[in-house]
Amino acid sequence: MKPAPVSRRHFISAALAGGAVSQASISAAEVKEGQFNEPAHDIPLAEDADVIVCGAGPAGVTAAITAARAGAKVRLFEWRGCLGGIWTAGLLGYFLDFNKPGFAKELRDKLDARGARANSTSTSRFCYDPEALKLLLEELCVEAGVKFQYHTKVSAAFKEGNKLTTIVTESKSGRQAWRAPVFIDTTGDGDLGVQAGCAFEIGMAEDCPCQPMSLNALLVVKDVEALREFVRFGQSKPGENTDSEKKKRIKDVLVSTGHFPSYAGPTMWHVSGNLIFAMMNHEYGIKPWDAAEVTAATVRARAEMNKMVNGLRALGGPWEGIQIVATAEQIGVRDGRRIKGRYVVVQDDLAKGVRHDDAVVRVTFGIDVHALSSDHNKNHAIMPKPIDMKPYDIPLRALIAKDVDGLMMAGRCISGDFIAHSSYRVTGNAVGMGEAAGVTAALAALSKRMPHEVAWSESEAKLKAMGQRV
């Protein structure tokens, strides 16, 4: 259901009054069974941004920093208490498809300078220190002049004609309204796009099945070298087990404790010292916009993670003393809404290795569909690939909403089909998309154009002038 129109006069009057609003009383006649009719009321309005970015995960924080560096006044909203999203609050643990120019290279270099990237010969996939990354992203946002606000979630969107003009957020400060010329949806699940009235797809079909969720954890062990046959290191030793062999060994050890893991391809990565990341669970068929389902999945996943770690510790030997330092604040979502854009990236693009004149990022990460059910997991932790993939381009058009003007997307909620999404969803590509969306949004807002009116050649030239595509 679309939200009822809210007048600009109400927003402004509340802002001038300081935003203090009392709730109206409700008569019994206004309450319907199973429904509650929320009374209209005035809320404070701010119009101090050129670009508003909703969601501060890998795509969102990149988009915000890039837009600000391009000269735009930027506001960035995040519902967690840190920047980085799945990198930090989600303890993802691993950067993938990260061998790219621009902001991705800048992050690699800055993490290296702080000793916060795991010792690795690869620039495409590597581990990192999540706490160091939180601090680095905050410093970069402050340096760029991004105004970011935590514990704030977008809850409504309003249009004038077909143009998105205003969003409403919820936070400890209550409901607040914000206007801007251009918005970027980097919520992961396409929350802003849906609230603005955009069409979307989810999973393999209208009602899923969706890829499973995983709750990662940060672990400490007694001696990581004693677990080398299980743990993935950035630099391998001669004759060392392959990554797939290490996954199988972890699974076999977990099974020996009496528990078959919900993710039959469990993985442990070395961070530093005796600190490791672990991804060892799946939660199947969960809709990421259903808070009750996500809550139940989180509780099950955290319980399973503790059960598996406790089982390993009970084995003694190299597993002696293994314990959980932290489980993720948020369960990791692989598969949310995909907002319809002006181009849809499809499976055939991957098969052909398609190229575009308005290519914003080239994807090299393969098709990665995790088991879609516990039955699938018994035979295939990762589902068989339907095609052979070639590196392919994502065009700027896939980042521009089809149904609503003034709205862009970046990250895993861009316009694509289920198979393509399973490849481009990794965070190296999210960063590339964030750069493109950020600079294009800034150019559009500052020149009073819509994003679809900005040629990619202009955006790319601006990035090169900023030193972000060199």
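The values are calculated or read from the model by the stated rules, or taken from the named source; none is laboratory data. What you see is a predicted model, and the numbers here were worked out from it, not measured in a lab. Please note: Cβ atoms are built from the backbone with ideal geometry, for glycine as well, and neighbour counts cover all protein chains shown. Just so you know, the surface numbers come from the protein's heavy atoms only, side chains and all, with ligands and any DNA or RNA stripped out. Shrake-Rupley method; radii C 1.70, N 1.55, O 1.52, S 1.80 Å.
Points worth noting:
Residue-by-condition table, conditions (1) open to solvent by 70 Å² or more (accessible area, probe 1.4 Å); (2) acidic (Asp, Glu); (3) under 33 Å from the mean Cα position of the chain (by Cα); (4) modelled with pLDDT under 90:
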residue	(1), (2), (3), (4)
18	no, no, no, yes
22	yes, no, no, yes
29	yes, no, no, yes
34	yes, no, no, yes
52	no, no, yes, no
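- Among residues of region 362-385 being β-branched (Val, Ile, Thr) and open to solvent by 30 Å² or more (accessible area, probe 1.4 Å), the one that is modelled with the highest pLDDT is 364.
- Options 400, 339, 394, 382: the member that is under 21 Å from residue 281 (Cα atoms) and β-branched (Val, Ile, Thr): 382
The rows are residues; the columns are (1) within 17 Å of residue 345 (Cβ to Cβ); (2) at pLDDT below 95; (3) in a helix (DSSP H, G or I).
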| site | (1), (2), (3) |
| --- | --- |
| 360 | yes, no, no |
| 390 | yes, no, no |
| 394 | yes, no, no |
| 398 | yes, no, yes |
| 420 | yes, no, yes |
| 441 | no, no, yes |
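- Identity of the residue in region 400-418, among the acidic types (Asp, Glu) and in a loop (DSSP other than H, G, I, E, B), that ends up least open to solvent (accessible area, probe 1.4 Å): 417
- Screening residue 91 on (1) over 16 Å from residue 433 (Cα atoms); (2) part of a helix (DSSP H, G or I) shows it passes everything except condition (2).
- Of all residues making up region 140-163, the number that are out of contact with any helix residue (DSSP H, G or I) (no Cβ under 9 Å at 6 or more places or on another chain) and of a type in the set (D, E, K, R): 2
- Residue in region 288-300 that is at pLDDT 95 or above, within 24 Å of residue 320 (Cβ to Cβ) and small (Gly, Ala, Ser) present: no
For (1) touching an Asp or Glu at 6+ places or on another chain (Cβ under 7 Å); (2) open to solvent by less than 30 Å² (accessible area, probe 1.4 Å); (3) in contact (Cβ under 8 Å) with a residue 60 or more places away in the chain; (4) among the aromatic types (Phe, Trp, Tyr), each residue gets a yes or a no:
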position	(1), (2), (3), (4)
425	no, no, yes, no
432	no, yes, yes, no
437	no, yes, yes, no
441	no, yes, yes, no
445	yes, yes, yes, no
449	no, no, no, no
456	yes, yes, yes, yes
463	yes, yes, yes, no
467	no, no, no, no
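- Whenever a residue of region 239-258 is in contact (Cβ under 8 Å) with a residue 12 or more places away in the chain, its partners that are small (Gly, Ala, Ser), lying with C-beta atoms within less than 6 angstrom and at least six residues away or across chains, give the pairs 247/265; 251/264; 257/311.
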